[in-house]
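**Q** Sending over a structure as structure tokens; questions will come in a sec.
The values are calculated or read from the model by the stated rules, or taken from the named source; none is laboratory data. None of the values given here were measured: they were computed from a predicted structure. Here the Cβ is made from the backbone with ideal geometry for all residues, glycine too, and neighbour counts use every protein chain on show. Only protein heavy atoms, including side chains, enter the accessible area calculation; ligands, DNA and RNA are left aside. Shrake-Rupley method; radii C 1.70, N 1.55, O 1.52, S 1.80 Å.
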Amino acid sequence: MAEPKTKYDRQLRIWGEQGQTALEKASICLLNCGPTGSETLKNLVLGGVGSITVIDGSKVELGDLGNNFMVDESCVGQSKAKCVCTFLQELNDAVKAKFIEEYPEALVDSNPSFFSQFTLVVATQLAEDSMVKLDKICREANVLLIFARSYGLTGFVRNSVKEHAVIESKPDHFLDDLRLNNPWPELKRFAESIDLKVADPVAHKHTPYVVILVKMAEEWAKVHGGALPSTRDEKKEFKELLKAGMVAIDEDNYKEAIEASFKVFAPRGISSDLLQIIHDSCSEVDSNSSNFWVMVAALKEFIVNEGGGEAPLEGSIPDMTSSTELYVNLQKIYLAKAEADFLVIQQRVKSILKRIGRDPDSISKAMIKSFCKNARKLKVCRYRLIEDEFSNPAVPEVQKYLTDEEYSVAMGFYILLRAVDRFSANYNSFPGQFEGEMDEDISRLKTAVVGLLNDLGCNGSTVTEDLINEMCRFGASELHAVAAFIGGIASQEVIKLITKQFVPMVGTFIFNGIDQKSQLLVL
């Protein structure tokens, strides 16, 4: 067996050893192992989750051979859960795998406490009533839950958890934390020690752009009553001053300063998103508060006191044109400030823990350090109960989506995916499932759609006839290509929730295979 570091090398570069450890400790339960469930679990098994439990009461039929790569002809007539579980175990022998030959709907009704043993449940192809029941069960047990379903050329993925706090949100684009608009004393002193009018051309072209901008911003503020450039004309004038500082056309450091000048113009202080988090009611902590909210409480105190309105410094600087000596010295200044901020936050965390009657050392140094480094990028995701969304959606949002040309098909599929469950409850089959009943099924599905929209308070709203016809034409089939795509999205969300890295989707993800569109509906 390959060493974990070699085996999972590429993914370790994305979520690190901490993320991989979380995956390896995770226990995943899959409900229904058709193509959607099997594809989801395949991705997680290859990623190295700790253990999987497959729940499915059906037998492998000939039709399964056309859309599920995890069964073959020798499996026909056997337990689907057993066959899929055996195949998945072969993909990664480090993963513990077991199966239970039982229908998930029956298990939800008869043994709700069964689910409390898992880290996360992936529920695929469940009807609406079972989704509502399972959602309540998992929330009470604090078990993460993801719903996934593929249906013809459409499908959805929906996360459901009371609250999910993310420290390492890893946004694609985020302004580096250089504090050029609000330098601390040590950075100011370092900048002051460097002469921008030095006669040596080599030294001039190797002055880091951070120093250039700190000094130029300081000079600007002296002349403008302490204010930094804010209007378009002022920003243009500031850039002209930077250009005027160049003594040669090939000075990359000044070009970098001009390109990075927007960092000087950025507003001081913390973002509105972080402001919302530190003023959340959960930041008023007690003995039952999570580690995350204890650290947020410490952060709140730091921002008001030592931080002077700023979050703790991250401590890293980007590559830039500079002499090695100046770059290393600059790096040390940023690291020293980040370390000093961390020590203050750490002390505040310990004081808060002691105040609420918990062990002052119960939150590790590594966790507090990671929290400080990512303090500006914290995210908190909260999800409505499925029952609340189904029975009391935001009607204006539903109507807006239905009438918006960009979102009308996605919203139509959302309504239809619920309407087919009503259809199935009434007629014991899905629309278009049997030949010769298409026209009648179309009429029945239309009635179900109208009834559902009326129940939601969207009287007069409609779903297009073309979409209703397509839904009947799908005949409740699970196409492998769609199932693989939905399974890929679902497994990605599982990894986000378990590793607590990256931001999981908030809302219902709808895949529209007709137009090849993926959209998120927040209802």
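**Q** Between E301, E325, E284, which is under 25 Å from I258 (Cβ atoms), modelled with pLDDT of 95 or more, among the acidic types (D, E) and surrounded by fewer than 21 Cβ atoms within 10 Å (Cβ to Cβ)?
**A** E325
**Q** Next up: Return yes when A448 is in contact with a strand residue (DSSP E or B) (Cβ under 7 Å, 6 or more places away or on another chain) and of a type in the set (G, A, S) and no when it is not.
**A** So A448 fails the test.
**Q** Answer yes if at least one residue in region 241-256 is out of contact with any strand residue (DSSP E or B) (no Cβ under 6 Å at 6 or more places or on another chain), assigned to a helix (DSSP H, G or I) and over 26 Å from K205 (Cβ atoms), and no otherwise.
**A** no
**Q** Are there any pairs, at least 6 apart or on different chains, whose C-beta atoms fall under 6 Å, with the first in region 474-503 and within 14 Å of R158 (Cα to Cα) and the second open to solvent by 20 Å² or more (accessible area, probe 1.4 Å) and at pLDDT 95 or above, and if so, which?
**A** Pairs found: S491/N43; K496/F502; L497/L144; V503/K379.
**Q** Among all residue pairs at least 6 apart or on different chains, which show Cβ distances below 7 Å where the first residue, located in region 269-280, is farther than 16 Å from M295 by Cβ and the second is surrounded by 15 or more Cβ atoms within 10 Å (Cβ to Cβ)?
**A** Note: pairs meeting the criteria are G269/E310; S271/R376.
**Q** Is it true that K59 is under 17 Å from T36 (Cα atoms), at pLDDT 95 or above and among the basic types (K, R)?
**A** Yes; evaluated as a whole, the condition is true for this residue.
**Q** Looking at region 425-436, which of its residues are open to solvent by 30 Å² or more (accessible area, probe 1.4 Å) and under 23 Å from F511 (Cβ atoms)?
**A** Within region 425-436, F430, Q433 qualify.
**Q** Something else about it: Go through region 48-83 residue by residue and tally those that are part of a helix (DSSP H, G or I), out of contact with any Lys or Arg (no Cβ under 8 Å at 6 or more places or on another chain) and crowded, with 17+ Cβ neighbours inside 10 Å.
**A** Summing the residues that are part of a helix (DSSP H, G or I), out of contact with any Lys or Arg (no Cβ under 8 Å at 6 or more places or on another chain) and crowded, with 17+ Cβ neighbours inside 10 Å in region 48-83 gives 4.
**Q** Right, another one. Are any residues in region 436-485 of a type in the set (A, V, I, L, M, F, W, C) and more than 30 Å from L65 (Cα to Cα), and if so, which ones?
**A** Across region 436-485, the qualifying residues are A448, V449, V450, L452, L453, L456, C458, V463.
**Q** Identify the residue in region 84-126 that is part of a strand (DSSP E or B) and among the small types (G, A, S) and, among all such residues, is surrounded by the most Cβ atoms within 10 Å (Cβ to Cβ).
**A** Per the criteria, the residue is A123.
**Q** Answer yes or no as to whether E256 is of a type outside the set (S, T, Y), more than 21 Å from L175 (Cα to Cα) and either at pLDDT 95 or above or touching a Cys at 6+ places or on another chain (Cβ under 6 Å) (or both).
**A** No, not satisfied.
**Q** Conditions first: (1) open to solvent by 50 Å² or more (accessible area, probe 1.4 Å); (2) at pLDDT 95 or above. E219 passes all but one, so which condition is the exception?
**A** Going through (1) open to solvent by 50 Å² or more (accessible area, probe 1.4 Å); (2) at pLDDT 95 or above one by one, E219 breaks only (2).
**Q** Still on this structure: If D439 satisfies every condition in (1) open to solvent by 50 Å² or more (accessible area, probe 1.4 Å); (2) closer than 30 Å to G307 by Cβ but one, which is the exception?
**A** So the condition that D439 fails would be (2).
**Q** A further question on this structure: Might you check whether a residue that is among the basic types (K, R), part of a helix (DSSP H, G or I) and closer than 23 Å to G487 by Cα occurs anywhere in region 139-158?
**A** Yes, that holds for at least one residue.
**Q** For P171, indicate whether it is of a type outside the set (A, V, I, L, M, F, W, C), within 14 Å of L31 (Cβ to Cβ) and open to solvent by 30 Å² or more (accessible area, probe 1.4 Å).
**A** No.
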